[in-house]
Amino acid sequence: MSKMSQNGVVMFFTALAFLTATTVSLPSSPDRFLKSALTSLRSPDVPQEYEELTLPLPSDHLTPSCSHLLLRHSFANTINKPPYTAPYTPPPSDCASPPWSHVILDLRAASSGDQYDRISGLWLGGVELLRTSTAEPSPSGIFWKVRKDVTRYSSLFPRSDLNVTMMLENIVNDVYTGIYHINVTLDFYEFNPVEISRQSPADLIVPVSNDGGNRGFWFMIENSEESHSNRIQLLLNTRKIVLELYVSSHGNDEFWYSNPPDLYIGTNKLAITRGNGAYREVVVKIDGRQVGSEVPFPVIFTGGINPLFWEPVVGIGAFNLPSYDMDLTPFLGMLLDGKAHEFALSVNNGISYWLVDANLHLWLDHGSSSVEAGTGVYESPRRHMVRQELLEELDGSFKVEAEVRSEFDGWVKSSEGNLTTTVKNVLKVGSLVKFEKNGAYKRVEQRVETKRVVEVTTKSGKQVNRVVHQRSYPRTVITSTLRGLSNDKDMYVLVTNVSQALNERYLVGEALTQVYNRQDSDGWMQVEDHNVLAGEAKTRQSLRYVDEFGCYSRTVVAANGEIAEDSSSDTCPSSSSS
C-alpha cells in the first residue's frame, strides 16, 4: 500500500471516530470552501494541470492560419476595481481573411498559493465571448486551458473600433495569496468550403449588457423584483434574430437548487441567508412582454460542496459555462418599426446575486434595405407550479413541480421569400430538498428538462427547416454534517455525494446529435470554518457524443487529486442509451 493510501486510511478512521460523536443541530448545506496547504492530496512541488472534460473541436486536427493575442494579464488584488480593458486589434493581414471556417478562443491560466475560485467574463465590444471560473490553486501551482469555438462571433473580429474586457475580481493579501495569470489568443482557420456548417455566423451582434464601467458588462441581479434592460433599435433589414443568454449564480443563490423556503429558516430562527426555495427562472422580456425563459444548468465551481471533488477534473461547465439561445424572429413584426425597444433580463424568485447579460445575433437581408414582418401567434407563457412543504422543527421536506409552456410565431418577407418562424418551448422542473436527523442530513434532488422547437415554413406551409434542441440535467446532492467531541462550533466533518449530468439532444432536419455528460462524486472532508483541513474524494466522469458521422467517448476517474483512470474511444457502440 502506498504512503498516500496508508495516510488516507488513517485519516478516514480518524474522521469516522470524529463524526460518530454527536450530530450538528443545524442543517447541512452546500457551501464554498477553501483548500488549505494541509489538504494537498498529491505530490508536492509539482504544478498540476486541471481539466474540464469537453468534446474534441472540429479544428483540433487542423493548423491555424494564425494565432492572435487577445489578452495577457495577471489578476491580483482586483476586488471592487474596474475590469481589465485594452484596445482590440484585428488579426494581421497575413492571417486568413474572413470568412473563417473556425475561430477558436484559447485561454491559458496558471496560479499558485491559497485562493478561492473566482468567476470571470470576457467581452469584445461589450459582447460576451466566454463565461468561466478559476480553479482553486495549491502552493505548488496549477494550470489549465479552455478552448472554445467562437466562430459565431466572426462579425466582431475584423473590427478595429472595439475594446477587449475581462472581469476577474480577486483578493490578494496575507491569507489569500493566489494570483491568476491569464493569456488569451484567437486561432483563425482558413475558410474551407467543403466543411459542413449548420448556419452562417450572424452579420451583426448587439450586446444586452451593462455599460462596462466599474462592475463589468454583466448585470448584477439581487432580487426577483430587479430587472435590467437596454433599449435597442434594430436595422430595418434584419431578417432573423437570436438572443444568446449568459448567466451564473453566486452568493446566497450559488446553490439555489438546494435552498429551503423562508418558512423553514424563520420557524427555526436560523441565521442563514440562503432561502426563498429551490426554483429559479431567468426571464427575457421585450417591452414588458415575456419572450423566453430558462432554468440554467447550476454549475458547481471548484470551491463548491467539496473542493476535493474537483481536482484535477473540475465540475461540468466550470471552465466554460453554457450559454442559452432563444430565437426571437417571431417578434420582428413589432421590432422593425424604426423605434428602440426594451430588452430586459430578470430572475424569478432570485436572491443575491446573479450575473446576467445577453447577445443579440442579427442576420441581415443583403438584398434590400428593409424587410416586411408581422407577428402572429403569441401564447403568453403558461406556468403550472405545485409546492409541497412539510416541516417539523429542523427536519422537513420541500417539493416543487413546475412546468412552463409557450408558443410564438411570426413571418418575415425578405429576399429569401416569405418565411414563417414558429417557436415552441417546454420547460419542466422537479425539485426536492429534504432535511433529516435534526437537520444534519440533507438530500437535494433536481431534474430539469427543456425542449425548444424552431420551425421555418414557406407561405404555402412547406417546411424549410426544423430544429429541436433538448436539454436535461438531473442532479442529486447528499450531505451529512457531523460534529466531533470538540467544542469548536466551526469544526465539523462533511460527508457528501454528488451526481450530476448535462445531456443534450440536437436535431437539425434529420441530422441528430446527442451528448451525454455525467459526473458522480463521493468523499468526506474535515472543515474548520470554511477551510478544508483533511479529506478524501473520488469523482468519475463519463462523456459521450454520437452524431451521423461518428462517435466519441471518454471516461476519467480522479481519486485524491490524481487521475486514476483515463480512457477514450471514437468507436460507436452497437446501441446508445442515455
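The values are calculated or read from the model by the stated rules, or taken from the named source; none is laboratory data. Everything numeric here is computed off the predicted structure, so don't read it as measured data. When we count neighbours, we look across all protein chains shown, and the Cβ atoms used for this are built from the backbone with ideal geometry, even at glycine. Areas reflect the complete protein model, heavy atoms only, side chains present, ligands, DNA and RNA absent. Shrake-Rupley method; radii C 1.70, N 1.55, O 1.52, S 1.80 Å.
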Subject >> Boolean, residue 350 is among the small types (Gly, Ala, Ser), in contact with a strand residue (DSSP E or B) (Cβ under 9 Å, 6 or more places away or on another chain) and over 24 Å from residue 278 (Cα atoms) >> reply: no
**OP:** Please work out which residue is farthest from residue 121 (Cα to Cα), limiting yourself to the range 214-238 and to residues that are within 25 Å of the chain's Cα centre (by Cα) and open to solvent by less than 30 Å² (accessible area, probe 1.4 Å).
**Re:** 221
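Quick grid of which residues meet (1) surrounded by fewer than 17 Cβ atoms within 10 Å (Cβ to Cβ); (2) hydroxyl-bearing (Ser, Thr, Tyr); (3) free of Cβ contacts under 8 Å to residues at least 60 places away in the same chain; (4) not in a strand (DSSP E or B):
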position	(1), (2), (3), (4)
479	no, yes, no, no
494	no, no, no, no
507	yes, no, yes, no
514	no, no, no, no
532	no, no, no, no
535	no, no, no, no
**OP:** Among the residues of the range 77-105, write down those that are open to solvent by 10 Å² or more (accessible area, probe 1.4 Å) and not in a loop (DSSP other than H, G, I, E, B).
**Re:** 84, 85, 86, 87, 100, 101, 102
Original post:
Is one or more of the residues making up the range 283-300 of a type in the set (D, E, K, R), under 29 Å from residue 563 (Cβ atoms) and in contact (Cβ under 8 Å) with a residue 60 or more places away in the chain?
Top reply: no
**OP:** Mind checking which strands (runs of 3 or more DSSP E) fall wholly inside the range 169-234 and carry at least 3 residues that are at pLDDT below 95 and out of contact with any strand residue (DSSP E or B) (no Cβ under 9 Å at 6 or more places or on another chain)?
**Re:** none
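This table checks each residue for (1) within 30 Å of residue 277 (Cα to Cα); (2) modelled with pLDDT under 95; (3) open to solvent by 60 Å² or more (accessible area, probe 1.4 Å); (4) not hydroxyl-bearing (Ser, Thr, Tyr).
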residue	(1), (2), (3), (4)
362	no, no, no, yes
385	yes, no, yes, yes
389	yes, no, yes, yes
412	no, no, no, yes
422	no, no, no, no
427	yes, no, no, yes
431	yes, no, no, no
Original post:
So which strands (runs of 3 or more DSSP E) are wholly in the range 279-369 and hold at least 1 residues that are in contact with a Phe, Trp or Tyr (Cβ under 7 Å, 6 or more places away or on another chain) and within 28 Å of residue 532 (Cβ to Cβ)?
Top reply: 351-364
Original post:
How many residues, within the range 391-400, are surrounded by 16 or more Cβ atoms within 10 Å (Cβ to Cβ) and part of a strand (DSSP E or B)?
Top reply: 6
